[in-house]
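Let me begin by presenting the structure, written as structure tokens, before commenting on it.
The values are calculated or read from the model by the stated rules, or taken from the named source; none is laboratory data. Keep in mind that this is a model prediction, so the values were computed, not measured. Quick reminder, even Gly has a Cβ in these numbers, built from the backbone with ideal geometry, and neighbours come from all protein chains shown. These area figures cover heavy atoms from the full protein model, side chains too; ligands, DNA and RNA do not enter into them. Shrake-Rupley method; radii C 1.70, N 1.55, O 1.52, S 1.80 Å.
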Amino acid sequence: QVQLEESGGGLVQAGGSLRLSCAASGPIFSINIMGWYRQAPGKQRELVARLTSGGSTNYADSVKGRFTIGRDNAKNTVNLQMNSLIPEDTAVYYCYLQGESPGLKRYDAWGRGTQVTVSS
């Protein structure tokens, strides 16, 4: 149903910046949460940042002060500005959406992921 499409990943040297974008399409209805997760080799998927419909933000401690999440409500997109990148940020980054369909039925949607590689 709802699909998410990420873009903006790539290869960058430590200290550089990247901006990830995610566009949602399909029968979205309403959005509770949009955010970003990442999964590094040999590690579990972890929350990077999220933004609720009420405007509350949450960041992983490892990215606070370096990453910024933002939304374009009119276009159903979410962005992640990543500055001062370090090799530990290397991972596949996944866009996430939690929405509600009629009857307050919750659903989750995940993007396919985009690779971010930070070299030293």
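Numbers for the structure displayed
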| item | result |
| --- | --- |
| All positions within region 19-32 that are on the phi < 0 side of the Ramachandran plot and out of contact with any Asp or Glu (no Cβ under 9 Å at 6 or more places or on another chain) | ARG19, PRO27, ILE28 |
| Within region 37-75, considering residues that are aromatic (Phe, Trp, Tyr) and within 17 Å of GLY8 (Cβ to Cβ), the one most open to solvent (accessible area, probe 1.4 Å) | TYR37 |
| Residues (at pLDDT below 95 and touching a Phe, Trp or Tyr at 6+ places or on another chain (Cβ under 8 Å)) located in region 101-120 | SER101, PRO102 |
| Residue in region 10-28 that is free of Cβ contacts under 8 Å to residues at least 40 places away in the same chain, of a type outside the set (Asp, Glu) and under 13 Å from TYR96 (Cβ atoms) present | no |
| In region 3-33, the residues that are modelled with pLDDT of 95 or more, β-branched (Val, Ile, Thr) and farther than 17 Å from LEU85 by Cα | ILE33 |
| Filtered residues of region 99-116 (kept if surrounded by fewer than 17 Cβ atoms within 10 Å (Cβ to Cβ) and within 13 Å of the chain's Cα centre (by Cα)) | TRP110, ARG112, GLN115 |
| Test: residue in region 62-81 that is farther than 21 Å from SER7 by Cβ and touching a strand residue (DSSP E or B) at 6+ places or on another chain (Cβ under 8 Å) | no |
| Selection status of SER84, part of a helix (DSSP H, G or I), of a type in the set (Gly, Ala, Ser) and modelled with pLDDT of 95 or more | no |
| Test result for SER62, among the hydroxyl-bearing types (Ser, Thr, Tyr) and on the phi > 0 side of the Ramachandran plot | no |
| Selection count, region 34-63, where residues are within 28 Å of PRO87 (Cα to Cα) and outside any loop (DSSP other than H, G, I, E, B) | 18 |
| Qualifying residue in region 76-86 (condition: over 15 Å from the mean Cα position of the chain (by Cα) and either farther than 16 Å from ALA40 by Cα or open to solvent by less than 30 Å² (accessible area, probe 1.4 Å) (or both)) | yes |
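Listed here are the residues, each with its yes/no results for (1) closer than 21 Å to ARG106 by Cβ; (2) of a type outside the set (Lys, Arg); (3) within 12 Å of the chain's Cα centre (by Cα).
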{"site": "GLN3", "(1), (2), (3)": "yes, yes, no"}
{"site": "LEU11", "(1), (2), (3)": "no, yes, no"}
{"site": "GLY16", "(1), (2), (3)": "no, yes, no"}
{"site": "PHE29", "(1), (2), (3)": "yes, yes, no"}
{"site": "LYS43", "(1), (2), (3)": "no, no, no"}
{"site": "GLY54", "(1), (2), (3)": "yes, yes, no"}
